[in-house]
1. Quick one: would you say residue A:66 is within 21 Å of residue A:158 (Cβ to Cβ) and modelled with pLDDT of 95 or more?
2. What's the number of the only condition in (1) out of contact with any Gly (no Cβ under 6 Å at 6 or more places or on another chain); (2) within 11 Å of chain A (Cβ to nearest Cβ) that residue B:92 fails to meet?
3. Hey, any hits in the stretch B:23-46 for a residue that's surrounded by fewer than 21 Cβ atoms within 10 Å (Cβ to Cβ), modelled with pLDDT under 95 and not basic (Lys, Arg)?
4. If residue B:94 passes every condition in (1) buried (at least 16 other Cβ atoms within 10 Å of the Cβ); (2) hydroxyl-bearing (Ser, Thr, Tyr); (3) under 30 Å from residue A:20 (Cα atoms) but one, which one does it miss?
5. For the stretch A:128-145, which positions are modelled with pLDDT of 95 or more and either under 17 Å from residue A:172 (Cβ atoms) or open to solvent by less than 20 Å² (accessible area, probe 1.4 Å) (or both)?
6. Determine whether the stretch B:167-176 contains at least one residue that is surrounded by fewer than 19 Cβ atoms within 10 Å (Cβ to Cβ), part of a strand (DSSP E or B) and modelled with pLDDT under 95.
7. Identify, please: which residue in the stretch A:60-90 is open to solvent by 20 Å² or more (accessible area, probe 1.4 Å) and touching a residue at least 24 places away in the same chain (Cβ under 8 Å) and is, among those, farthest from the chain's Cα centre (by Cα)?
Number of protein chains: 2
Amino acid sequence: MTLSDGELRARIVDVPDFPTAGVVFKDISPLLADPATFVAVVDALVEQSGPVDKVVGIEARGFILAAPVAYHLGAGFVPVRKPGKLPGPTHETSYELEYGSNVLQVHRDAFAPGDRVLVVDDVLATGGTAAAAVRLVEHDGGEVVGLSVLLELGFLGGRAALAKAHPGLPVHALLPY
Amino acid sequence: MTLSDGELRARIVDVPDFPTAGVVFKDISPLLADPATFVAVVDALVEQSGPVDKVVGIEARGFILAAPVAYHLGAGFVPVRKPGKLPGPTHETSYELEYGSNVLQVHRDAFAPGDRVLVVDDVLATGGTAAAAVRLVEHDGGEVVGLSVLLELGFLGGRAALAKAHPGLPVHALLPY
């Protein structure tokens, strides 16, 4: 990464009580809007990855980082989406997240056995979303070779939860909090 | 573009009656999942653009193309989102789309006067979504230098509607239908 940890953190803004009371939301909009930090973050996520066949992005903010990572790696992009958004037949799984619960879906034909898959998201919080994405990839035999995120909210224990659910899964975070 | 028009169109699948009865949805998932076509589409969208300061992506599928275009152009990325998703103060505008109506928001501090902005989306249908994005950019003095889309559904008249609402706006579509 050509930018310092501090230069990146300076473009992440705490927003209290969003989306619900008591939650401090880390807004990455200023980082995305600044060309130097946006490019540096994508490049750093790419550098953490070996060769992969597909990159998974999780709706919706996850798309913003996962798609350029896929582009740079020369991999296909597969969206993991909320219910009702994907037009074809899907697999789905439910998960708990920092504030509430949700369901995620992926197209049934998105992965073939042996596909090497990198999951990219903006934030690792409780790990529920990431674990759901891993389950969806593995449903049809895809192999998740890593999870890469911009921010890790360490106090929420996502890394430990993922290690329990998916032992050995490499987890990379650019900016731990 | 290194791939032919036919090679790209072969990876776009018609899904009847999605999201509502009578609508034929063009699913670009197979195109995104194929590395060669995904890279070719992003590169072609980049080639249509001059230098810009920011690239706007429209939630959610628009993010998948707009983010790598921003990355390749070395521009900042600004998301235009559905209500309640952006944590900071926003501008908003309502618009009609192919099936229903909706509201879009952008952060108030996203653009500065004189910013050159490219809007990227997956589909140009009636033009309502694109016109709404243009209004949001212009609200704070940003200058939309072009709209680039993967698919244009010509029979819905979006290009003419945009020409009426925003005379002189360059509109590029890779694959007209």
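1. Details: within 21 Å of residue A:158 (Cβ to Cβ): yes; modelled with pLDDT of 95 or more: yes.
Yes, satisfied.
2. Of everything listed in (1) out of contact with any Gly (no Cβ under 6 Å at 6 or more places or on another chain); (2) within 11 Å of chain A (Cβ to nearest Cβ), residue B:92 misses just condition (2).
3. Yes, that holds for at least one residue.
4. For residue B:94, the exception is condition (1).
5. Those that are modelled with pLDDT of 95 or more and either under 17 Å from residue A:172 (Cβ atoms) or open to solvent by less than 20 Å² (accessible area, probe 1.4 Å) (or both): A:130, A:131, A:132, A:133, A:134, A:136, A:137, A:142, A:143, A:144, A:145.
6. Checked against the condition, which is being surrounded by fewer than 19 Cβ atoms within 10 Å (Cβ to Cβ), part of a strand (DSSP E or B) and modelled with pLDDT under 95, the stretch B:167-176 yields no hits at all.
7. Applying the filter and picking the extreme gives A:85.
Okay, residues lined up against (1) within 9 Å of another protein chain (Cβ to nearest Cβ); (2) in a helix (DSSP H, G or I):
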position: B:3; (1), (2): no, no
position: B:8; (1), (2): no, yes
position: B:20; (1), (2): no, no
position: B:25; (1), (2): yes, no
position: B:30; (1), (2): yes, yes
position: B:36; (1), (2): yes, yes
position: B:44; (1), (2): no, yes
position: B:52; (1), (2): no, no
position: B:55; (1), (2): no, no
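The values are calculated or read from the model by the stated rules, or taken from the named source; none is laboratory data. Computed from a prediction, not measured in an experiment: that's the story for all the values here. Neighbour counts run over all protein chains shown; Cβ positions are idealised from the backbone, glycine included. Calculation scope for accessible area: heavy atoms of the full protein, side chains included, ligands and nucleic acids excluded. Shrake-Rupley method; radii C 1.70, N 1.55, O 1.52, S 1.80 Å.
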